1. May I have the convex hull volume per residue, in Å³, for the Cα set of segment A:145-288?
2. Counting Lys and Arg as +1 and Asp and Glu as -1, what is the net charge of the other residues whose Cβ lies under 15 Å from the Cβ of A:G117?
3. Build a GNM of chain B with springs between Cα atoms under 10 Å: which of B:A52, B:A82, B:A237 gets the top mean-square fluctuation?
4. If a/c stays under 1.5 just call it rounded; otherwise compare a/b with b/c (prolate if a/b is bigger, oblate if not). Do that for segment A:70-209, with a ≥ b ≥ c from the square roots of the Cα gyration tensor eigenvalues.
5. Using θ = phi - 60° and the Karplus relation 6.51 cos²θ - 1.76 cosθ + 1.60, list the HN-Hα couplings for segment B:114-119 in order, rounded to whole Hz, with x at every Gly or Pro.
6. 222 nm [θ] for the protein assembly as shown, helices only, -39500 (n - 2.57) per DSSP H run of 4+, per residue, to 500?
7. Using a Förster distance of 25 angstrom, determine the FRET efficiency expected from the C-beta separation of A:A73 and A:R151, and round it to 0.05.
8. Over all directions, average the projected area of the Cα convex hull of chain B and note it in nm².
Amino acid sequence: MDYVVFLATIVGIYVILATSYNLLFGYAGLLSIAHAVFYGVGAYACSLALLRLGVSFPFALIAAMVVSAAVAALLAVPSLRLTGDYLVVASFGFQLIVYSVLLNWKAVTRGPMGLPGIPKPDLFGLRISSSIELLIFVYAVTAICGLVVWRLSRSGFGRVLKALREDEVAAMACGKNVTAYKVTAFVVAGALAGAAGALYASTISFIDPQSFTLNESFFILTTVIVGGAGSFWGGVVGAIVLWVVPESLRFLDLPQTVAGPLRQVAYGALLIGFMMFRPQGIIGEVKQ
Amino acid sequence: MAIPGVGLVELLLQFAFNGLVVGSLYAMLGLSFGLIYWTTRIFHFAHGVVYAAAGYVVYVFVVRLDMPTPVGIAAAFVVAAAMGMACEFFVYRPMRRRNSPPMVSLVASLGLFVVFQNLFVIAFTADPRPLSQSYFQPLEIGPITTTWLKIATILVGVALFLVVIGFLYRTRAGTAVRAVVDNPSMAAVVGIDLDRAYLMTYAVGSVLVVPAAYLVTLDRGASPDMGLPALLAAAIAVFVGGVGAIPAAAFGGLMMGLAENLGILRIGAEWQSAISFLILIAFLLVRPSGIFGGRVRKVQV
């Protein structure tokens, strides 16, 4: 039972990751394979705030979101001039470099040894102690993040993002400040991913750079592709499907050295399969 | 950075030479990837696993099956070409028929990359698989310490560059490729069979990546994640080299190799990869057409 609660908590965190990435990739068409960067930076920022500065969780969460948003703004800069493939390569490199920083900046991040002993969230004096309480807390944050993305996607902001995806020049011709929209998309997506990172750090209580590699970015991309890029519930569905289905394969009892890569093979196969036969994902985009 | 007993000039020469070696590898990667990219405009992520596959094929033939090296390399050529063509035939071509947006092909290629990289982990484990021979005996040429392998790398790089130039400018197939690079619709109008051109491009591009794969496998063994940094290096070399200029990727690669190694003089070695990335960003922001490139067409995504 404890395991189910834990899995549900993780799914909640990934729903935030998927919906935030959906905003960037599904709506705005900005293909970056660096989302794990914002996730990881948020996790580290939160952990360091909790461990080194001793602040309470709400402040650590905000710190995580701010730092991630700042890093996201950094990546947004190349995105203004770069299209498609160039942005992919830039984000690719960005991901590898930040991973390298997390691994090598031992003074701050303790490198591969990671940060252990991260406390569970505390809210204004009340510390969360049971896994159920944690689940509820995480889902509360997930709901808030989901609401943010929902409102954004339904509003003019979301429509402009989609316009950018379809035809950037036309959007410019209509007087839309493309730069502002792109940077905002990155900053919002980054901040939300940072929040997810903070929740993750507190849930698992130990983080190391291995959780925030390129593979992680691929996974987030896969959740959005499978669920349905460009539709709000796509992110939610994708996160759930991609966690629940492989977890049920656990009962096949494969050796760990095979199970891990086999899971990745499945993700890759899903990407190929969906691109070939159902690029719009499970939910598919609602065409207005 | 100071080493007692070694003057600055010697240091510079040594690092410049190392830069040439690495740059030659990047150049080879860039040439093979650039051929495919500028002709088909597909970001062929899977090129990274074709490269890794080539390394593993040589390993299997030479170490596991005990065959002579030339046989292993020939097998690697065949497998690489087959893989490249399979990607085109089974994945990219159907998407082209369906007028899928380029991003769809890119994500599918990413999927191919993930699938094969992890199949390598399952088949060969994550440990590097070295080849038994070694050309590591150090030798000294003047102030520079090097190995036969490193010299061979530079020579192979030069040879590959000449092969690519010869192919593009001296053969009919190469001329067709240049036509497609320049303007695919026009090429089709003058009677070039685009499907066949693409298939051949993937075959040739994949074959061209084998020498680099072999050299790296000799040096460090074949490992499942060898494709990733190679792909990134290839992409950067191509973009820095210039829009539509396939041979220019060689110069992009050389530049990267030199910059990375000379940069070590000032920055720690673990930040090496950051240098190439920053070069790319600088170019893309300041001169997006690259060193030798033509007009930057606003690439649709």
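Quick note: the coordinates plus some simple rules give every number you see, no bench work behind them. Note that the coordinates shown come from a computational prediction; the quantities given were computed from them, not determined experimentally. A quick note on method: Cβ atoms are made from the backbone with ideal geometry, for glycine too, and the neighbour counts reach across all protein chains shown.
1. Values: hull volume 19.8 nm³, N = 144.
It comes to 138 Å³ per residue, whole-number rounded.
2. Residues close to A:G117 contribute a combined charge of +2.
3. Of B:A52, B:A82, B:A237, the most mobile in the Gaussian network model is B:A82.
4. Working: a/c = 3.55, a/b = 1.47, b/c = 2.41.
Here segment A:70-209 falls in the oblate category.
5. 4, 4, 5, 4, 6, 5
6. Working: 25 runs with 410 residues, N = 589.
For the protein assembly as shown, the value works out to -23000 deg cm²/dmol.
7. Rounded to the nearest 0.05, the efficiency is 0.75.
8. 16.4
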